[in-house]
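Heads up, the thing below is written out as structure tokens.
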Amino acid sequence: MSNMNWKELVISVDKTSFQHLLSEWRWLVPQNILPLWLSPFGDWMLRYEDGKIYFLDILDGSISLAAQSEHALNNLLQNEANQNRWLMSDWVGICRDRKLLLAQGQCYGWKLAPILGGKFEFQNIQLFDISVYECIMGQIHRQIKKLPEGFIITEFKIGSSQPGEAGTKR
């Protein structure tokens, strides 16, 4: 993927949809930020009021300083290792080679998030609606952060309660 310009990989996000897309990440991300862009796998580059650029990694549910400024970030993104870290350009290349192509409003994502035991393999990647994937990943990480260190997740269920269980409404 090193032959592709990194700017061709980013997903532009307007300020209106940005607020909605980050709604499930507000437990981690402050209000006073602006989006620079979204990666093909749903990660964010965000500009804080002081001009510093932070990376919201939705794979591990963390936010970290990426660069002191947009100019510095642009320079850092000339490096293939940084493109792989922040844009997952190596995985984007694999997806494109196998004809898994993004449409408007989509991002790549993990069918089973690696933090829940999903494997880093092409068969675990699918196309998601960006808002759905951001919501899922934000909720997963918000809930996981409450678990004690070293806790092992042995089961993960999606869906409603079984008939007769507490909380079920019919």
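For the reader, a short list of remarks on this structure follows.
- Some residue of region 17-25 being among the aromatic types (Phe, Trp, Tyr) and under 16 Å from the mean Cα position of the chain (by Cα): yes
- Inspection of region 51-58 finds a residue satisfying the criterion of being more than 22 Å from GLN126 (Cα to Cα) and out of contact with any strand residue (DSSP E or B) (no Cβ under 7 Å at 6 or more places or on another chain).
- Every pair of residues 6+ apart whose Cβ atoms lie under 6 Å, when the first sits in region 29-57 and is within 13 Å of PHE18 (Cα to Cα) while the second is of a type in the set (Lys, Arg) and in a strand (DSSP E or B): LEU34/ARG47; LEU36/ARG47
- Helices (runs of 4 or more DSSP H) completely within region 59-119 that count 2 or more residues being surrounded by 14 or more Cβ atoms within 10 Å (Cβ to Cβ) and within 15 Å of the chain's Cα centre (by Cα): 80-87, 89-97
- Evaluating TRP91 against the criteria (1) closer than 30 Å to LEU147 by Cβ; (2) aromatic (Phe, Trp, Tyr); (3) at pLDDT below 95 leaves one unmet condition, (3).
- Region 5-53: number of residues that are closer than 16 Å to LEU102 by Cα and either surrounded by 13 or more Cβ atoms within 10 Å (Cβ to Cβ) or at pLDDT 95 or above (or both): 12
The values are calculated or read from the model by the stated rules, or taken from the named source; none is laboratory data. Everything quoted here is computed from the prediction, not taken from an experiment. Quick reminder, even Gly has a Cβ in these numbers, built from the backbone with ideal geometry, and neighbours come from all protein chains shown.
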